[in-house]
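Visitor: Below is the structure I would like to discuss, written out as structure tokens.
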Amino acid sequence: MDARETAPSAERNKQPILEVLARVLPPRGLVLEIGSGTGQHVAHFAKALPQLTFQPSERDIERHASIQAWVDAGGLPNVKPPLAIDVTQHPWPVAAADAVLCINVIHISPWEATLALMAGAGMVLPAGGVLLTYGPYQRGGAHTAPSNAAFDAHLRARNPRWGVRDLEQVADVAGRQGLALEEAVPMPANNFTLLWRKSGGASPGGRLHPRA
């Protein structure tokens with residue numbers, strides 16, 4: 001029986017996200033994914049980037065079967081078994097990673113999870129290491145599209161502690177952990193892939209895309 005779960009949004013955005021990752025991830029090393037969900041993303045990325053090792057994680061252990069099934073179906077030797085990581089529990093069970101990915105988590109979790117994500121990434125990344133986050137964000141306290149405003153209202157109706165976060169507020173939190181926003185890449189459906197770099201390493205710097 002096929003345990004693979006499929007999220008339509010992951011199918012739509014996995015290739016646009018991969019195009020950013022292929023450009024900004026290190027040539028080799030360990031990539032830790034926080035909130036791997038169904039496993040579609042990590043399987044897609046690992047197949048395209050075989051020189052990297054991927055560590056998926058998902059707090060909901062019921063999703064681990066789907067993650068592993070996607071990995072097995074792809075015959076991907078560069079993906080480790082999924083871990084049950086709760087970002088708010090420090091230290092994380094992965095002590096060091098060359099890059100951290102977090103896709104569609106910040107807006108569907110309490111603000112405390114964002115604080116913990118930035119703190120944890122700051123702990124495990126080396127100088128110059130990258131954190132990449134993906135999802136919808138407000139810019140300057142305003143939504144970037146009417147659809148995002150409606151989505152934000154929907155999220156907050158489901159859980160008042162969720163919601164589309166303001167990019168500048170997230171950047172302030174990240175900065176306290178030594179993570180600087182290096183690039184904000186506009187993506188389909190009014191989303192962004194954000195590249196955060198740990199201070200102390202070489203950086204091309206300065207490619208903050210204009211407001212979408």
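Visitor: Lys14: which aspartates and glutamates have alpha carbons under 16 Å from its alpha carbon, excluding same-chain residues fewer than 8 sequence positions away?
Guide: Glu5, Glu33
Visitor: Using the Cα centre of the chain as the reference point, and only Cβ charges (+1 on K/R, -1 on D/E), how large is the resulting charge dipole? Debye, rounded to the nearest 20.
Guide: 340 debye
Visitor: Work out the charge dipole of the chain with +1 on the Cβ of Lys and Arg and -1 on the Cβ of Asp and Glu about the Cα centre, then indicate which of Pro110, Val24, Ala69 is farthest towards its positive end.
Guide: Going by the Cα projections, it comes out as Val24.
Visitor: Here is a follow-up. Among Ala145, Ala99, Ala116, which one moves the most in a GNM of the chain with springs linking Cα atoms closer than 10 Å?
Guide: Of Ala145, Ala99, Ala116, the Gaussian network model singles out Ala145 as fluctuating most.
Visitor: Using only the C-alpha atoms of the chain, find the volume of their convex hull and express it per residue in Å³.
Guide: Measuring per residue, one finds 115 Å³ for the Cα hull of the chain.
Visitor: Moving on. Residues with amide H under 5 Å of Glu183's amide H, sequence separation 5 or more or different chain, H placed in the peptide plane at 1.01 Å from N; which?
Guide: Counting only residues 5 or more places away or on other chains, the set is Leu195.
Visitor: What is the calculated FRET efficiency for Val173 to Asp2, with r their C-beta to C-beta distance and R₀ = 35 Å, to the nearest 0.05?
Guide: E(calc), rounded to 0.05, equals 0.30.
Visitor: I need the calculated FRET efficiency for the pair Asp60 and Ala127, taking r as the beta carbon distance and R₀ as 45 Å, to the nearest 0.05.
Guide: Efficiency for this residue pair is about 0.90.
Visitor: I would also like to ask the following. For the range 24-124, what class follows from the C-alpha gyration tensor (a ≥ b ≥ c being the square roots of its eigenvalues): rounded when a/c is under 1.5, otherwise prolate if a/b is larger than b/c, else oblate?
Guide: Here the range 24-124 falls in the oblate category.
Visitor: Please state the charge dipole magnitude for the range 6-128, taken about the Cα centre, from unit charges on C-beta atoms (+1 on K and R, -1 on D and E), reported in debye and rounded to the nearest 20.
Guide: 320 debye
Visitor: What aspartates and glutamates does Lys47 reach when the alpha-carbon gap must be under 14 Å and sequence neighbours fewer than 8 apart in one chain are set aside?
Guide: Output for Lys47: Glu19, Asp72.
Visitor: With +1 assigned to the C-beta of every Lys and Arg and -1 to the C-beta of every Asp and Glu, and no other charges, what is the dipole magnitude of the range 96-172 about the Cα centre in debye, to the nearest 20?
Guide: 260 debye
Taken together, the values in this text are just the output of simple stated rules run on the coordinates, not laboratory data. Note that this is a predicted model, so its numbers are computed, not measured. When we count neighbours, we look across all protein chains shown, and the Cβ atoms used for this are built from the backbone with ideal geometry, even at glycine.
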